[in-house]
Amino acid sequence: MMWGQINSVAVSPADGSVWVGGFGAIGRRNSDGTIATVPIPDYTGGGSVSVDVMAIDTQGNVWLTTGDNEGNRISRYDGASWTHFYYQTLPGLEFSYYVSDIALAPNGNIWLVTDWGVAYYDGSAWHSVTQDYPFMGHYSAIAFDGETVWIGCYYETCFTPLINLALLRLENNILTLFPYTDYPLPYPSITALAVDGFHNVWIGGQYGGITVMNYDGVVISSGEPSTSIPALSVYPNPASNELTFVTNDLGAGEQVWTLYALDGREVMQQHWSGTSDTRTINLPVEITEGMYFWRIWYAEGEHTGKVFIQRKR
């Protein structure tokens, strides 16, 4: 087949091989840059199939979703033969119409996120995550942090009897809910999740906004997409040993930067002058981890914001 359009890409944790998914086939990239094509068995009744999501387990099995106008199935290719799991027969996924995400957990389990359920395969059987909880909704993304599982969903259709949901945290079979009404999550729906080295979850939104939260739901950073050059940007956030400010409107006069604890106590202060648009601040080890407020005063006004300090371990 001609690989004119690639819909998904996955890397094998077993041997580092790269696999791609397209229309009607998956392919393994050879060392010479060519792709060894593997046709996908079609649905009963025919129809074109496209590989929209794909993952590879620790044994090198390729897991993928294939879709046509009949819906989705979960397929596993072991290098020689195919096994298909129709989600209508899987626990907790009976009402699902399509799969939003498929991912490999750190313990080797394969997880499926569908519009109406979440389930995982432990090597021998499928297990539902969502059928044991009193809610249903459009689940859209998943990310792992060790044994902790973060699940995103669409605000518009994911619900319980009392609150709309936007983000779920599952750990040791305990589900914690982060409702959209209480947290500044990207509007209107979560489309991507990732966890960084500090165990913070990065939440991408449908319209481009990004929110960063720590394990306990403390919002470290939140913002909507912008097409203009910001008057001031701060990075990294969370910060470990240093913090950098990039500005474009402070002028050439004196500038005073101050860091405050949440109780209003002044923790650190620096005085700046000149027209440099980049300032890097070293954060002394005496400053403990946590949330802080910062303020920059200058002749024409001031900027304020928050930063979360999180030391590397």
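Do the conditions hold for Ile220, that is, is it crowded, with 16+ Cβ neighbours inside 10 Å, assigned to a strand (DSSP E or B) and either at pLDDT 90 or above or touching a Ser or Thr at 6+ places or on another chain (Cβ under 8 Å) (or both)?
Working: crowded, with 16+ Cβ neighbours inside 10 Å: yes; assigned to a strand (DSSP E or B): yes; either at pLDDT 90 or above or touching a Ser or Thr at 6+ places or on another chain (Cβ under 8 Å) (or both): no.
No: the conditions fail for Ile220.
What residue, among those in segment 152-188 that are of a type in the set (Val, Ile, Thr) and over 25 Å from Phe308 (Cα atoms), is modelled with the highest pLDDT?
To start, the set of residues in segment 152-188 that are of a type in the set (Val, Ile, Thr) comprises 157, 160, 163, 174, 176, 181.
In the following step, the residues that additionally are over 25 Å from Phe308 (Cα atoms) were identified as 157, 160, 163, 174.
Details: Thr157: 43, Thr160: 42, Ile163: 43, Ile174: 84.
Ranking the candidates gives Ile174 first.
Can you name every residue in segment 20-74 that is modelled with pLDDT of 85 or more and basic (Lys, Arg)?
Arg28, Arg29
Which of the residues belonging to segment 189-201 are under 14 Å from Gln310 (Cβ atoms) and in contact with a strand residue (DSSP E or B) (Cβ under 8 Å, 6 or more places away or on another chain)?
Let us first name the residues in segment 189-201 that are under 14 Å from Gln310 (Cβ atoms), namely 195-201.
Answer for segment 189-201, where residues must be under 14 Å from Gln310 (Cβ atoms) and in contact with a strand residue (DSSP E or B) (Cβ under 8 Å, 6 or more places away or on another chain): Val195, Asp196, His199, Asn200, Val201.
The values are calculated or read from the model by the stated rules, or taken from the named source; none is laboratory data. Remember, predicted model here, so these are calculated numbers, not experimental data. Don't worry about glycine lacking a Cβ; one is built from the backbone with ideal geometry, like all the others, and counts go over all protein chains shown.
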